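Asker: Take this structure, written in structure tokens, and hold onto it; I'll ask about it next.
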Amino acid sequence: MAANPGLQSISDLTASTRLTTGDIPPPLVGSSTTVISTRLYLFAGRLVSSRRMTNELYELDLETFVWTKFQDTEQKAPKARYFHSANQYKNSIVFFGGMGYSRTSNDGLCVLDDVSIFDLDTYTWKHPEITPSSFSPRPRYAHLAAVTANKLVVVGGQDMSNSYIEEINVLDLDELTWTSSRPFEKHCGAYRSVAVSSTSHTNLPLYGNNVNDNASITSVTEENPNPFYLYSNYNFTDVKRELQVIAPPTTSNYQIMDHSSNMTGAFLPPGLRFPTGAILGHHLIISGTYLTNTSQTFSIWALNLANLVWTRIDTGSCFSQGSWNRGILCEETNRYFVLGHRDRSLVDDYNHRQTNFDHVTVVDLEAFGVYQPPPATMSTNAQELGLALLNDSNIADFEIVTQDDRRIPVNSQILSQRWPHFKALTIKNPEDEETILMYNNRALEFPEPYPVTLAFLQYLYTDHLLTSQQHQPQILAQLLLLADMYDLDRLRQLTSHSLHQSLSMSTAALIYETAALSRQTGLQIRALKVMIAAKKMLQQQQQQ
């Protein structure tokens, strides 16, 4: 699983290490990390220096890499704890369980079953009183938790005697009541497992019971929320990997589907200790500490949820030295952030279960084809109506004149709403002869040939790329350049996504050049990898 020497330098382009500043947290054990937008929230944990638990909250700006310590002036923070769970729900973070202090036990410790909520609108703590019921979870620590729709799902963990708790409990986050509990005969915990669900309404594969059937794609809505994925690895000398797809717990008899035997790949992930996970687009991202007698590093892997094929995120040499401890995803930027310290020993810190926060390595996941696809902004019927409006000359009051002197009738109101550059041009300026001429002639010259111009107008009328003409690689390349020229972020996302999908040995050179000109680094690096692979294949064929 070592990096291919021929791709080593390219892999190094996918990651960079940054120094954090501000109120840098001390080294901690068992703290929680939650990303909301471009902010990371770090809560609680046990101090490595004094072995005392804390209940302090920190915030890291993932754009400036500045830490800020939250000042709990009202003393409303939950009890000090570690190995608890923390999950986003709307604009808040829900904390559950963990290990904390007890005044009655011999060792002064206890496991917890309380729920606390940090409101990010008001930056205040809430401690709801939840009525106990037969569905309430047993106290636990080192458990897993995920949110889907308005449900917090708590899985596994360990009790005070370190025995695994084999159950799943569901909390309704709107009613703040525990709604179901069911046995789950698996050993799941923070040391070996992750439970994740996507917060975005992305079409994720939801597999049926028959593993021979083709996976179906289910459209996600509020009434039809995402499933969540439970991945475990254990027995690290001869790694065992398990994957359960758990249907949204909207009823008490929700399905749990085992797809452990369906995972494939040229290589499979090694045993990762204290893994973290996230979903980005159609991929499950898993990362963690990889320790053997011959290798000590931090490793990142991606599972394509459409076909359950694993690929390694090869970031080159960035994790070859230093202590890298925890990976987190910023979905908004398609970047994976790994917290650590570039000058410490990974083995020493792992032996103390220590996480460091002095440095962050930033990985561009788009360079590996892992990213959040642009969402649909209107229905298929609305898109088709947009095309019909473009083809209806009766509502046209303007013309676009192409580079090859063809004229396309358009509606100036639609173009003004969707294209800021056009709107700026149509504001009359008595001193601008070109603007006056354009207005008098009711026409605008566009510096592209007819096929590109038509594809561009089809986008403006529909907010999508839906015609076969728009998806031709040459047309896509020109549309990406136009998106960069006119700073149309939506078009940039759509064309980048389509170029990723059309990337092949025959299109790689075109896509590489276009991505370089439009500053789409992730797409550029991925195209470069394909070009090098194509050159290597050609050389091998010539040698035969």
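The values are calculated or read from the model by the stated rules, or taken from the named source; none is laboratory data. Everything quoted here is computed from the prediction, not taken from an experiment. Positions of Cβ are backbone-derived with ideal geometry, glycine not excepted, and every protein chain shown enters the neighbour counts. The area values use the complete protein model at the heavy-atom level, side chains included, leaving out ligands, DNA and RNA. Shrake-Rupley method; radii C 1.70, N 1.55, O 1.52, S 1.80 Å.
Asker: Defining a contact as two alpha carbons under 8 Å apart and six or more residues distant in sequence, what relative contact order in percent does segment 380-502 show?
Answerer: Relative contact order comes out at 24 percent.
Asker: Across bins of 5 angstrom width beginning at 0, how are the C-alpha pair distances of segment 313-460 distributed, in whole percent?
Answerer: Computed distribution, short to long bins: 2, 8, 12, 13, 10, 8, 6, 6, 7, 7, 7, 6, 4, 2, 1, 0.
Asker: Now, a different point. Which of 518, 396, 285 sits closest to the plus end of the dipole of the chain, meaning its Cα is farthest towards the positive end, when Lys and Arg get +1 and Asp and Glu get -1 on the C-beta?
Answerer: About the Cα centre, the residue reaching furthest to the positive side is 285.
Asker: In addition: What is the calculated FRET efficiency for residue 536 to residue 379, with r their C-beta to C-beta distance and R₀ = 45 Å, to the nearest 0.05?
Answerer: Values: r = 45 Å, r/R0 = 1.00.
Here the calculated transfer efficiency is 0.50.
Asker: Follow-up question, since we're still on this one. Binning at 10 angstrom from zero up to the longest distance, how are the C-alpha pair distances of segment 380-502 distributed in percent?
Answerer: Result, from short to long distances: 13, 44, 34, 8, 1 percent.
Asker: Among rounded, prolate and oblate, which fits segment 67-156 when a ≥ b ≥ c are the square roots of the eigenvalues of its C-alpha gyration tensor, a/c under 1.5 means rounded, and a/b larger than b/c means prolate? Intermediate values should be presented prior to the final figure.
Answerer: Values: a/c = 1.75, a/b = 1.13, b/c = 1.55.
Taking the square roots of the gyration eigenvalues as a ≥ b ≥ c, segment 67-156 is oblate.
Asker: Hey, another quick one. For Cα pairs less than 8 Å apart in space and 6+ apart in sequence, what is the mean separation divided by the residue count of segment 1-153, i.e. the relative contact order in percent?
Answerer: The normalised contact order for segment 1-153 reaches 16 percent.
Asker: Would you check the accessible area of residue 330, probe 1.4 Å, heavy atoms only, in square angstrom rounded to 10?
Answerer: Number for this one is 0 Å².
Asker: Continuing with this model, one more query. Output the Cα-based Rg and Dmax of segment 291-343 in Å, rounding Rg to one decimal and Dmax to a whole number.
Answerer: Expressed in Å, the Cα Rg and Dmax of segment 291-343 come to 12.8, 39.
Asker: While we're here: Shape verdict for segment 122-204, please, from the Cα gyration tensor: rounded (a/c under 1.5), prolate (a/b greater than b/c) or oblate.
Answerer: It comes out oblate by the Cα gyration axes.
Asker: Using alpha carbon centroids, what distance separates segment 442-493 and segment 498-530, in Å?
Answerer: The two parts, judged by their Cα centres, are 18 Å apart.
Asker: With θ taken as phi - 60° and the coefficients 6.51, -1.76 and 1.60, list the Karplus ³J(HN,Hα) couplings across segment 378-394 in order, rounded to whole Hz; mark glycine and proline as x.
Answerer: 7, 6, 4, 4, 5, 5, 5, 5, x, 4, 5, 5, 5, 7, 9, 6, 5
Asker: With runs of 4+ DSSP H residues as the only contributors, calculate the mean residue ellipticity of the chain at 222 nm using -39,500 (n - 2.57) per run, divided by the residue total and rounded to the nearest 500.
Answerer: Calculated mean residue ellipticity at 222 nm is -6500 deg cm²/dmol.
Asker: Sticking with this structure for a sec: Just want to confirm a number: the relative contact order over the chain, from Cα pairs under 8 angstrom separated by 6+ residues, in percent.
Answerer: Averaging sequence separation for qualifying contacts and normalising by length gives 10 percent for the chain.
Asker: To continue, here is another question. Among all the lysines, which ones have a C-alpha under 22 Å from residue 126's C-alpha, if same-chain residues fewer than 8 places away are not counted?
Answerer: Within the straight-line limit of under 22 Å, residue 126 reaches these lysines: 69, 76, 79, 90, 151.
Asker: Which length gain, in nm to one decimal place, applies between residue 179 and residue 19 when the Cα-Cα distance is subtracted from 0.36 nm times their residue separation?
Answerer: Length gained, residue 179 through residue 19: 53.2 nm.
Asker: Tell me, how many Å apart are the Cα centres for segment 353-391 and for segment 245-301?
Answerer: So the separation of the two Cα centres works out to 22 Å.
Asker: Now a separate question. What GluC sites (Glu not before Pro) does segment 8-89 have in DSSP loop regions with at most 16 other beta carbons within 10 Å?
Answerer: Answer by residue number: 63, 74.
Asker: Hey, can you grab everything whose amide H is under 5 Å from the amide H of residue 165? Only 5+ residues off in sequence or another chain; H modelled, so Pro and N-termini drop out.
Answerer: Close amide H contacts, sequence-distant or interchain: 157, 158, 159.
Asker: Could I ask something else about it? Using a probe of 1.4 angstrom, how much of the accessible area of the chain is carbon and sulfur, in percent?
Answerer: Carbon and sulfur: 47 percent of the exposed surface of the chain.
Asker: A further question on this structure: When each pair of different Cα atoms in segment 445-511 is counted once in the 1/r mean, what is the Kirkwood radius in angstroms, to one decimal?
Answerer: 11.8
Asker: Which entry in (i) 64, 34, 24; (ii) 47, 40, 20; (iii) 46, 28, 24 is this structure's computed semi-axes √(5λ) of the Cα gyration tensor in Å?
Answerer: Given (i) 64, 34, 24; (ii) 47, 40, 20; (iii) 46, 28, 24, the structure-derived one carries the label (iii).
Asker: Let me ask you something else. Residue-wise, which Karplus ³J(HN,Hα) couplings in Hz belong to segment 329-341, taking 6.51 cos²θ - 1.76 cosθ + 1.60, θ = phi - 60°, and x for glycine or proline?
Answerer: Values per residue, Gly and Pro as x: 9, 10, 4, 5, 10, 6, 10, 10, 10, 10, 8, x, 9 Hz.
Asker: So if R0 is 25 Å, what FRET efficiency would residue 72 and residue 103 give, r being the distance between their Cβ atoms, rounded to the nearest 0.05? Let's see the in-between values first.
Answerer: Numbers: r = 22 Å, r/R0 = 0.87.
Taking R0 as 25 Å, the efficiency between residue 72 and residue 103 is 0.70.
Asker: Further question: Let me understand segment 273-318 better: what is its radius of gyration from the alpha carbons, and its Dmax, in angstrom?
Answerer: 11.5, 35
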